[in-house]
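See structure below.
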Amino acid sequence: MKIKRLPESLIRKIAAGEVIHNPSFVVKELIENSLDAQATRIVVEVENGGKNLVRVSDNGIGMTKEEVLLAIEPHTTSKIESEEDLHRIRTYGFRGEALASIVQVSRVKIVTRAKEGPLASLVLASAGKVEGVSETPREVGTTVEVKDLFFNLPVRRKSLKSSSIELRMCREMFERFALVQNNVDFTFVSDRKIVYSFPTTENAFERALLILEDLRKAHITFEEDLSDLKIRGIISPREITRPNRTGEYFYVNGRFVISEELHEVLMKAYDLPKRRYPIVVLFIETDPEKLDVNVHPSKIVVKFLEEERVKRALEEVLTKNLAKKWYRSITYEDISTRMLSVAESPSYRWFLVRKKYALVETEEALLFIDLHALHERAIYEEILSKRMWKSRKLTRRIVVNLSSEEREKLEEFGFSFQSEGKSLVVLEVPEFLTEDVVGEFFKEVSWGSTKMLKEKIALAACKLATKSGDFDEKTASKLVNLYFKKKYERCPHGRPVAFRISYEDLDRFFER
């Protein structure tokens with residue numbers, strides 16, 4: 001056989017296959033683009049495990065028509081200007097590098113609007129070719145819709161796993177980003193059902209407790225600053241483990257990585273029985289010039305240029321912190337002045353701890369109540385009961401098509417409409433539904449608007465609730481009474497409201 005030069009179209013397909021292995025890598029590349037575009041809200045939707053559809057929407061800075069057309073060409077980027085930049089990468093990906101690969105092996109629709117443009121650009125592309133360019137209304141940001149992955153590579157398409165396995169991999173990829181980007185509101189939708197909705201949190205440790213249920217039982221947190229190396233983490237004590245490595249998350253300069261070297265250090269520090277693995281979320285920050293992130297096409301593997309030093313530092317940090325007792329000692333100021341009797345219920349007394357928790361003494365146990373979580377739930381229930389509904393007028397025109405049943409249901413929640421032919425003009429929306437998500441909301445109205453609306457109410461409740469650390473005794477007293485009246489166990493996002501320690505457990509701990 002004679003040696004031939006491959007056609008350019010085939011070269012691009014092969015290159016795309018090195019970056020896009022399955023639907024989860026589409027999710028990865030598109031979320032990275034959204035984060036690099038400074039998005040604070042990202043919605044990921046998949047159908048049939050991502051094999052039929054992956055759609056990622058954000059409220060980032062968006063692109064102009066010229067930029068998006070350039071972005072789907074190979075080797076175009078807004079991140080790299082010179083060879084030296086490859087040695088100090090601080091972004092996730094190169095806007096365009098991933099899009100070009102995705103466009104080669106799927107049918108793609110991109111809707112994107114930059115702040116300076118009155119309308120969004122809509123680009124249709126398939127198998128690497130642009131098939132249409134037009135304009136459409138949209139808020140600032142980008143939506144990339146990827147359909148029929150590998151439709152033009154039948155063998156590759158056939159090699160994809162079952163829909164349930166592909167969905168699991170998409171969810172795991174989503175979780176990796178949600179864990180580290182706590183300042184971004186993340187939503188994950190599968191087959192038109194909301195699977196995850198993670199509001200922003202004060203820090204990454206709080207986000208980890210939302211996602212990793214094991215860590216809610218007990219955990220250790222730490223932050224170590226070792227000159228040019230910073231190591232932070234939230235980890236399980238040795239008593240809490242899994243039979244596999246699914247609870248292992250390493251982040252280097254904010255990027256999730258898989259590292260056998262770091263895994264070996266982890267297992268050495270924990271010294272667990274065979275086939276038992278800890279739950280850890282570890283963040284390592286170092287000088288980008290001391291890293292090589294181009295070891296793997298998807299940048300999921302990194303190489304430390306000072307590997308032995310990093311391994312030693314991590315082992316020392318883990319060993320030191322695993323020696324800590326995992327239970328939390330509670331400190332408070334002037335207990336005598338903060339102990340209050342509750343007249344409505346003489347069977348318990350309580351006091352405020354650090355303006356964020358209530359420590360309650362009952363006849364059977366001690367209760368630690370997270371006042372912010374409880375306040376969130378109280379506001380959420382109050383809104384749902386319609387005693388707090390307020391509406392506000394829209395400042396822009398939105399036209400929708402709804403059934404009479406959908407219209408009636410939404411009007412109960414504070415929406416108002418004006419008929420215009422067979423369509424409806426949206427006049428007012430509930431005040432907690434911010435204007436930038438109204439359009440997105442009506443896209444989903446036909447497949448479960450009530451559920452999505454509840455997710456938005458939960459976000460509103462979080463913002464309306466008193467911040468943790470700002471509670472006074474008057475507000476706390478009302479909430480403690482409410483807890484015993486309503487017995488709320490979780491906030492609207494699923495975090496626990498209270499932690500209970502029986503007196504038997506206390507006696508056992510103190511060996512009595």
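The values are calculated or read from the model by the stated rules, or taken from the named source; none is laboratory data. All figures in this text were calculated on a predicted structure; none of them were measured in a lab. Positions of Cβ are backbone-derived with ideal geometry, glycine not excepted, and every protein chain shown enters the neighbour counts. Each accessible area value is taken on the protein alone, full model and side chains, heavy atoms only, with ligands, DNA and RNA left out. Shrake-Rupley method; radii C 1.70, N 1.55, O 1.52, S 1.80 Å.
For region 493-512, the set of residues classified as loosely packed, with under 11 Cβ neighbours inside 10 Å and of a type outside the set (D, E, K, R) consists of 509, 510, listed by residue number.
Residue by residue, here is whether (1) open to solvent by 80 Å² or more (accessible area, probe 1.4 Å); (2) modelled with pLDDT under 85 holds:
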site: 363; (1), (2): yes, yes
site: 378; (1), (2): no, no
site: 423; (1), (2): no, no
site: 430; (1), (2): no, yes
site: 440; (1), (2): no, yes
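Could we say that residue 20 is open to solvent by less than 10 Å² (accessible area, probe 1.4 Å), at pLDDT 95 or above and out of contact with any Asp or Glu (no Cβ under 6 Å at 6 or more places or on another chain) here?
Judged against the criteria, residue 20 is not a match.
Residue count for region 194-253, restricted to those that are closer than 21 Å to residue 170 by Cα, touching an Asp or Glu at 6+ places or on another chain (Cβ under 9 Å) and among the small types (Gly, Ala, Ser): 2. Among the candidates 165, 240, 220, the residue that is open to solvent by less than 20 Å² (accessible area, probe 1.4 Å) and farther than 24 Å from residue 492 by Cα is uniquely 220. Scoring residue 400 on the criteria (1) surrounded by 14 or more Cβ atoms within 10 Å (Cβ to Cβ); (2) at pLDDT below 80; (3) closer than 23 Å to residue 143 by Cα leaves a single failure, condition (2).
For region 112-126, filtering for residues that are assigned to a loop (DSSP other than H, G, I, E, B) and in contact (Cβ under 8 Å) with a residue 40 or more places away in the chain leaves 4. Summed over region 158-172, residues that are in contact (Cβ under 8 Å) with a residue 12 or more places away in the chain, more than 19 Å from residue 194 (Cα to Cα) and part of a helix (DSSP H, G or I) total 0. Within region 260-284, residues that are over 16 Å from residue 217 (Cβ atoms) have Cβ atoms under 7 Å from residues that are part of a loop (DSSP other than H, G, I, E, B) and of a type in the set (Ser, Thr, Tyr) in no pair, counting only partners at least 6 apart in sequence or on another chain. Could you please let me know if residue 231 is surrounded by 14 or more Cβ atoms within 10 Å (Cβ to Cβ), in a strand (DSSP E or B) and more than 20 Å from the chain's Cα centre (by Cα)? For residue 231, the condition - surrounded by 14 or more Cβ atoms within 10 Å (Cβ to Cβ), in a strand (DSSP E or B) and more than 20 Å from the chain's Cα centre (by Cα) - is met.
Any chance you could count how many residues in region 403-414 are assigned to a loop (DSSP other than H, G, I, E, B) and either surrounded by fewer than 17 Cβ atoms within 10 Å (Cβ to Cβ) or at pLDDT 85 or above (or both)? Break it down stepwise before answering.
Taking region 403-414 first, the residues assigned to a loop (DSSP other than H, G, I, E, B) are 403, 413-414.
Those still in the list that are either surrounded by fewer than 17 Cβ atoms within 10 Å (Cβ to Cβ) or at pLDDT 85 or above (or both) too: 403.
Number of matching residues: 1.
Just one of the listed residues (239, 166, 224) is closer than 30 Å to residue 128 by Cβ and among the acidic types (Asp, Glu), namely 166.
Scanning region 475-492 for residues that are in a helix (DSSP H, G or I), under 12 Å from residue 371 (Cα atoms) and either open to solvent by 30 Å² or more (accessible area, probe 1.4 Å) or free of Cβ contacts under 8 Å to residues at least 40 places away in the same chain (or both) yields 475, 477, 478, 481, 482.
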